[in-house]
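Input: a single structure, listed below in structure tokens.
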Amino acid sequence: MAQNLIQTQAQKQVQTQRLTQQQMLVVHLLEMPLTELEHSVAAEIDDNPALEVAGPDDVQPADDMHESVSGSDEDDDFDTVNEREERESALDQALSGIGMDDEMPEAAQYVASNNQNADYEEITYGDQVSFYDRLKEQMVDVDLTPREHEIMEYLIGSLDGDGLLRKDIATLSDELAIYHNIDASEHEIEHVLHVLQTFDPAGIGARNLRECLLLQIRRRDKSEMRSMMERVITECFDEFMNKRWDKIASQLGIDTDTVKTVHNELLKLNPKPGSSLGETEGRNIQQITPDFIVDTADDGTVSFYINSGNVPDLYVSDSFTDMVKSYQKNKSKMSRSEKEALLYAKEKVERAQGFIDAIKQRRHTLYVTMKAIIDIQKAYFLDGDESDLKPMILKDVADKTGLDISTISRVSNMKYAQTRWGTFKLRHFFSDSVKTESGEEMSTRKIKAALKDIIDNEDKRRPLSDDAIKDKMNESGYPVARRTIAKYREQLGIPVARLRKK
């Protein structure tokens, strides 16, 4: 009996969330550290004639920056009249090119411009080329489509100070869709990443230490030594990390002299390829500008303010808002060119106001986030003792501020706070926790401080093994496993017991 194929049509309601262009702009500005924000604002001022910088004598309405109050020309001084004429002249010139380049930009176009004036760049960056620019210069030597070019730039911007890519591919795919409106598959991003990993220095763009070392090894000419180095990293990585060269020799079936030679060659590799470009934390040291200034008074009061740097107060140009009002009053008498002028002015005014609102929202988000961090970590800000840092994760700050966890993550990434005890990344104030037998949460920083104290006070003629350290930590009330001891010891840069022996 033949089966009948029946085609049916059904409606299905699916709820999706899409960010508006304004929301994407807010998110993009929020991620920027202060130096990038200064460049972005300067670029937007140059690009949008409806956006003006408020002078010291300009008085703008407190709650509404969209409307500006202006007197008659007779009451204006010469500079004000001259500035208005210059703006109107710029408007006339821009109107002559209507339809060519006046489309509203995507959020991705709010990126910091590289075309800042020479004096400003010299003051800010000195003579050195930035870490990211050195990598971008190498993009001209590879064959990339415009789409791949955008993905490559985003990958370069996502590298940490060591030159490694800590974000997973799925996260990068989501971020490209949100910030750049690029729906890139994980396979496509992987392809571009592999191209980036061919850039100099070798190891750049690796996702972990193992991949970083392998990328450097595979740049070498094929030889027996290269093959042996590769085997050590691929087959004996845990032993390599713990410097168990006797086990490596046994596992690979090689003699003592060979393993020593391989060891010496591996020591020539750079676990932090980004540092070879003269950068720390992805930027030259003189470029690190604190986004927050935290002050601890002698009476125990902790206060802070947001560093505005060279970001000026902004408002919408009077000449543009007046033009919009004038055209709106004479709609019936408008010619085609006047309608085009109205559309141009309206778009520029809306874009300027949107940019101003995004700057305001960024400032508010930074304020409530830093306030929550100080409230939670007040003990640390009072004495600067890292052992006083309480367990604090992104969710804790999100719950305290009412903001989303992803928002807190963006604020804490690449933002710095200047304190009485030094200048730190916001990530410095976050710490995971370990639960004791009594159910008390203990900061991992406090555990690391106790671990370091035990090792500093050990008998260097008979240094403690990780098992012995674990026992001492447990006796002191720190319930951690031997594997955890080894992990924290490596994070603190402390070698194994036999290498600490004197």
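The values are calculated or read from the model by the stated rules, or taken from the named source; none is laboratory data. This is a predicted model, so every value here is computed, not measured. Note that we place each Cβ from the backbone using ideal geometry, even for glycine, and neighbour counts take in every protein chain shown. With ligands, DNA and RNA removed, areas are computed over all heavy atoms of the protein, side chains included. Shrake-Rupley method; radii C 1.70, N 1.55, O 1.52, S 1.80 Å.
Only one of the listed residues (Ala486, Ala450) is in contact with a Ser or Thr (Cβ under 7 Å, 6 or more places away or on another chain) and either modelled with pLDDT under 85 or in a helix (DSSP H, G or I) (or both). That residue is Ala450. Among residues belonging to segment 448-461 that are over 29 Å from Lys390 (Cβ atoms) and out of contact with any helix residue (DSSP H, G or I) (no Cβ under 9 Å at 6 or more places or on another chain), point out the one that is surrounded by the fewest Cβ atoms within 10 Å (Cβ to Cβ). This residue is Arg461.
The set of residues from segment 374-424 being under 18 Å from the mean Cα position of the chain (by Cα) and acidic (Asp, Glu) comprises just one member, Asp404. Going by the structure shown, is Ile376 over 17 Å from Arg427 (Cβ atoms) and open to solvent by less than 80 Å² (accessible area, probe 1.4 Å)? Considered against the rule, which asks whether it is over 17 Å from Arg427 (Cβ atoms) and open to solvent by less than 80 Å² (accessible area, probe 1.4 Å), Ile376 comes out as no.
Looking at segment 217-234, I want the residues that are touching a residue at least 40 places away in the same chain (Cβ under 8 Å) and have a partner that is among the aliphatic types (A, V, I, L, M) and part of a loop (DSSP other than H, G, I, E, B) with Cβ atoms under 9 Å, at least 6 apart or on another chain. Which pairs are those? Hits for this filter: Ile217/Ala202; Ile217/Leu269.
With respect to the stated conditions, Ile204 fails to be under 27 Å from Val26 (Cα atoms) and within 20 Å of the chain's Cα centre (by Cα). The residue that is nearest to the chain's Cα centre (by Cα), among those in segment 154-177 that are part of a helix (DSSP H, G or I) and charged (D, E, K, R), is Glu175. The residues listed here are Lys395, Lys360, Lys371, Lys348; of these, the one that is assigned to a helix (DSSP H, G or I), within 23 Å of Asp318 (Cα to Cα), of a type in the set (Lys, Arg) and open to solvent by 30 Å² or more (accessible area, probe 1.4 Å) is Lys360.
Counting only residues that are outside any helix (DSSP H, G or I), in contact with a helix residue (DSSP H, G or I) (Cβ under 8 Å, 6 or more places away or on another chain) and touching a residue at least 40 places away in the same chain (Cβ under 8 Å), segment 398-420 holds 7 of them.
Screening the candidates Arg420, Arg445 for the property of being at pLDDT 80 or above and either touching a Leu at 6+ places or on another chain (Cβ under 7 Å) or open to solvent by 80 Å² or more (accessible area, probe 1.4 Å) (or both) yields one hit, Arg420. Against the definition (open to solvent by 70 Å² or more (accessible area, probe 1.4 Å) and either modelled with pLDDT under 85 or under 30 Å from Ser412 (Cβ atoms) (or both)), how does Lys272 come out, yes or no? In short, yes. If you go through segment 382-391 and keep only what is open to solvent by less than 40 Å² (accessible area, probe 1.4 Å) and either under 19 Å from Gln361 (Cα atoms) or touching a residue at least 40 places away in the same chain (Cβ under 8 Å) (or both), you end up with Ser387, Leu389, Pro391.
Quick one: is Glu386 at pLDDT below 85 and of a type in the set (Asp, Glu)? Yes.
Among the residues making up segment 34-48, a single one is in contact with a Ser or Thr (Cβ under 7 Å, 6 or more places away or on another chain) and either outside any helix (DSSP H, G or I) or open to solvent by less than 10 Å² (accessible area, probe 1.4 Å) (or both): Leu34. Look at (1) closer than 20 Å to Gly161 by Cα; (2) in a helix (DSSP H, G or I) and you find that Ala206 fails only one, number (2).
Select from segment 425-442 the residues that are part of a helix (DSSP H, G or I) and either modelled with pLDDT under 70 or over 14 Å from the mean Cα position of the chain (by Cα) (or both) and write down the one among them that is farthest from Ile374 (Cα to Cα).
His428
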